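The values are calculated or read from the model by the stated rules, or taken from the named source; none is laboratory data. On a predicted model such as this, the values are computed, not experimentally measured, just so you know. FYI the Cβ positions are ideal-geometry reconstructions off the backbone, even for glycines, and counts take in every protein chain you see. To get the accessible areas, we keep the full protein, side chains included, count just its heavy atoms, and leave off ligands, DNA and RNA. Shrake-Rupley method; radii C 1.70, N 1.55, O 1.52, S 1.80 Å.
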Amino acid sequence: MSALPITNPLQKFIQKPTRGQAIKAKCAECMGCTAENAEPGFRSLIRDCTSRSCPLWTFRPYQAKPESPA
Ligand code: SF4
């Protein structure tokens, strides 16, 4: 039996501490997640984050990809 994939960014960071995982984990923590609990809807909260003065804002995960030209 294979293990379920880890979807909590804080747990992922513990498992694989890369720069990218650190940004995801910090944003998730900012939206109320802990290593034990992922807040419902945290991805869309991060995507819609309005704290433009945050140094991570440009690099936050789960942003909508720009549409490609037709
Ligand atoms: S970009 Fe937004 S969600 Fe991420 S750490 Fe900064 S304020 Fe929090």
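A few comments on the model shown:
- Listed residues Pro17, Pro55, Pro40, most fluctuating in the chain (Gaussian network, C-alpha, under 10 Å): Pro55
- The trypsin sites (Lys or Arg not before Pro) of the range 39-70 that meet both conditions, a loop assignment by DSSP and at most 11 other Cβ atoms within 10 Å of the site Cβ, are Arg52.
- Using the 1.4 Å probe convention, the accessible area of the chain works out to 79 Å² per residue with neighbouring protein chains retained.
- Shape metrics for the chain, restricted to C-alpha atoms - Rg then Dmax, Å: 13.4, 45
- Under the criterion of Cα pairs below 8 Å and six or more residues apart, the relative contact order for the chain equals 25 percent.
- Estimated inter-spin distance, Glu67 and Ala3, nm [label 7 Å along Cα→Cβ]: 4.1 nm
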